[in-house]
Each structure stands twice: as C-alpha cells, then as structure tokens.
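The values are calculated or read from the model by the stated rules, or taken from the named source; none is laboratory data. Bear in mind that the values here come from a model prediction, so they are computed numbers and not experimental data. Glycine gets a Cβ as well: all are built from the backbone with ideal geometry, and neighbour counts include every protein chain shown.
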Amino acid sequence: MRGQIRAQTREIHMLQRAGVATVSAELLLSRMRAKVDDLCRERGALRKAIVGKLRARSISSGRESWFTPAKSLRPRLRPAASGRRSMMAAHW
C-alpha cells in the first residue's frame with residue numbers, strides 16, 4: 001500500500017511540473033495516508049493484544065519460555081491414513 005502511495009506521489013509531482021491542477025489528487029493521497037496510518041495503529045494494537053494473551057497463557061500454564069505459542073495457535077498436522085505413510089514420513 002505504501003508503494004502505491006509513493007507511486008501516486010511521483011505522478012502528482014509530474015503533473016505539477018506539467019502545470020496541471022492536482023488539488024483533488026493531493027486530497028485523495030492524504031486520505032489514503034491517513035487510512036494506512038489508522039490500519040497500522042490497529043495492527044499494532046492487535047499484535048499487542050495477541051502477545052499479551054500468549055504471555056498470560058504461558059505464565060498461567062507454568063511454561064518457562066515467554067515465546068512459546070499456546071497449543072491452540074500451533075498448526076495441526078493430519079494423522080496419516082492407516083496403511084499409508086504420511087508425506088512427512090516419506091521424506092525421512
């Protein structure tokens with residue numbers, strides 16, 4: 001998204017050099033920047049909330065590491081079908 005904003009900024013500068021009015025484009029660009037900043041703040045808050053939950057789980061479960069993800073966040077592997085080897089076992 002930031003790459004698109006940079007590209008549009010360059011295009012606006014080119015239009016300004018050519019003498020074309022760019023007020024509406026600049027307003028659109030400022031709205032896009034504000035939206036990206038809001039989304040980044042929201043992402044940061046969500047990350048803090050997730051880290052807080054992971055820390056709370058690791059403390060309450062007695063784990064020593066702060067960085068160990070909770071069981072529910074680990075990827076689940078499907079059990080191998082009976083009589084067949086799983087793809088992981090075939091490579092080992």
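The table below lists the values:
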| read-out | value |
| --- | --- |
| Qualifying residue in the stretch 3-10 (condition: without any contact (Cβ under 8 Å) to a residue 24 or more places away in the chain, under 14 Å from the mean Cα position of the chain (by Cα) and surrounded by 10 or more Cβ atoms within 10 Å (Cβ to Cβ)) | no |
| Output for the stretch 11-27, where each listed residue is surrounded by 11 or more Cβ atoms within 10 Å (Cβ to Cβ) and within 28 Å of the chain's Cα centre (by Cα) | Glu11, Ala25, Glu26 |
| Pairs, first closer than 15 Å to Arg6 by Cα in the stretch 18-44, second surrounded by 10 or more Cβ atoms within 10 Å (Cβ to Cβ) and charged (D, E, K, R), C-beta under 7 Å, six or more apart | Val36/Arg2 |
| Meets criteria (part of a helix (DSSP H, G or I), under 18 Å from the mean Cα position of the chain (by Cα) and at pLDDT below 95) for Leu46 | yes |
